[in-house]
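K.L.:
For reference, the structure I am asking about is given below.
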Amino acid sequence: VQLQASGGGLVQAGDSLRLSCAASGWRISNYVMGWFRRSPGKEREFVAGITGNGVRTAYADSVRGRFTISRDDAKNTVYLEMISVKPEDTAVYYCAADHERVIVRTLSKFYNYWGQGTLVTVSS
């Protein structure tokens, strides 16, 4: 069971970025998938989540309207599209999987599998 996050990097405020999270060794189709982030000196926080059928999504207030989570179960991959990024979006971004299928839970304790994280740095 493995999740591999990628796509992070150094960008300027206002830029766009797309993160990917590819699963291997298992199928994500029956899992809620989420993105979390940890900024320097802060606790890990929920960013976005998507239900197993892709119908429902949830976002943190700080990113709603700027970030979009999506999934491609055929590719076994989840994405996080980030637009109009801000310096406060600087963090290590983690993807995670929750056994729950139909409800996006925002607490990290419910997520069973985690990727290794990808660093996003937004300069002002």
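K.L.:
R44: net charge of surrounding residues, Cβ under 13 Å, Lys/Arg +1, Asp/Glu -1, itself excluded? Could the numbers behind the result be given before it?
P.N.:
On the way: positive: R37, R38, K42, K109; negative: E43, E45.
So the environment of R44 carries a net charge of +2.
K.L.:
In debye, nearest 20: dipole of region 1-48 around its Cα centre with unit charges on the Cβ of K, R (+) and D, E (-)?
P.N.:
On the way: 6 positive and 3 negative charges, 19 e Å.
It works out to roughly 100 debye.
K.L.:
Over the chain, what is the relative contact order in percent, taking alpha-carbon pairs closer than 8 angstrom and at least six residues apart? Could the numbers behind the result be given before it?
P.N.:
Details: 329 pairs, mean separation 45.7, N = 124.
Worked out over the chain, it gives 37 percent.
K.L.:
Provide the packing ranking of 45-51, 25-31, i.e. peptides ordered by the mean count of other C-beta atoms within 10 Å per residue, highest first.
P.N.:
Working: 45-51: 22.0, 25-31: 15.1.
Ranked by mean Cβ neighbours within 10 Å, highest first: 45-51, 25-31.
K.L.:
Let me ask something else. Per-residue counts of other Cβ atoms within 10 Å, averaged by peptide: what ranking do you get for 65-73, 87-95, highest first? Walk me through the numbers before you get to the answer.
P.N.:
Details: 65-73: 17.1, 87-95: 20.0.
Result, highest mean first: 87-95, 65-73.
K.L.:
Right, here's the next one. Less than 16 Å apart at the alpha-carbon level, and either on another chain or at least 8 residues along: which aspartates and glutamates does that give for K109?
P.N.:
E43, E45, D98, E100
K.L.:
Give me the accessible area of K86, 1.4 Å probe, in Å² rounded to the nearest 10.
P.N.:
80
The values are calculated or read from the model by the stated rules, or taken from the named source; none is laboratory data. What you see is a predicted model; the values in this text were computed from it and never measured. Neighbour counts run over all protein chains shown; Cβ positions are idealised from the backbone, glycine included. With ligands, DNA and RNA removed, areas are computed over all heavy atoms of the protein, side chains included. Shrake-Rupley method; radii C 1.70, N 1.55, O 1.52, S 1.80 Å.
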